[in-house]
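Structure first, commentary second.
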Amino acid sequence: MSTPTVPRVTTSRAPHTAAAAAEDGWPQLVDAVRESGLYPTRTKAEQVTRTVLAALGTHVTGDERVDLARALPPEAARLIASQIPATHRLTAARFVDEVASRTPGATPATARWDVSSVLSALPPLVGDDLVTRILAQLPTGYALLFGRADLTPAP
């Protein structure tokens, strides 16, 4: 008498790869924004993160845009990469105003808080070198939004 064959079920996990680590990075990014901005809920922090990254995606171009998308978790990368690049650069103040216009009930002060909460969470994820390159292509004033001193040389 033959023994019946029982299908073998395995539950192996895929090896931990850089892509898997990046995928896991979205919750950490949102948590960093929540902590930085002192948002009462994770949902609010996620909404702010999405709005600010989508706005940023219109203003970062070229290699910096590609490198930024590569360095971020896939969800954040999609927000950056899915935006049509702007034809002109906004000043930092106008960028904050743009974020305010995308956020129901926002004021310039709350939008500045939101922008700073998100952009200051990026350097630990993407590295200071990339942030420096991004700042080099943006008008002056953005450094403060990324949590850096905005030093300009004396004339």
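The values are calculated or read from the model by the stated rules, or taken from the named source; none is laboratory data. Remember, predicted model here, so these are calculated numbers, not experimental data. So basically every Cβ, Gly included, is an ideal-geometry build from the backbone, and we count neighbours across all protein chains shown. Keep in mind that these areas ignore ligands, DNA and RNA; they rest on the heavy atoms of the full protein, side chains included. Shrake-Rupley method; radii C 1.70, N 1.55, O 1.52, S 1.80 Å.
Only Lys, Arg, Asp and Glu count, each charged at its Cβ (+1, +1, -1, -1), so figure out the dipole size of the stretch 65-129 about its Cα centre, rounded to 20 debye.
180
Stretched out fully, how many nm does the piece from L144 to D128 gain, at 0.36 nm a residue minus the Cα gap?
This chain segment gains 4.4 nm when fully extended.
At a probe radius of 1.4 Å, what is the per-residue accessible area of L125, in Å² to the nearest 10?
For L125, the solvent-accessible surface is approximately 70 Å².
Based on the Cβ-Cβ distance from L38 to V66, what FRET efficiency comes out when R0 is 30 Å, to the nearest 0.05?
0.40
Between D31 and T87, what FRET efficiency follows from the Cβ-Cβ distance if R0 is 25 Å, with the result rounded to 0.05?
0.10
Can you sort T107, T43 by 1.4 Å-probe accessible area, starting with the largest?
Descending accessible area places them as T43, T107.
Where the centre of each part is set by its Cα atoms, how far does the stretch 31-47 sit from the stretch 63-126, in angstrom?
Using only Cα atoms, the two centres lie 15 Å from each other.
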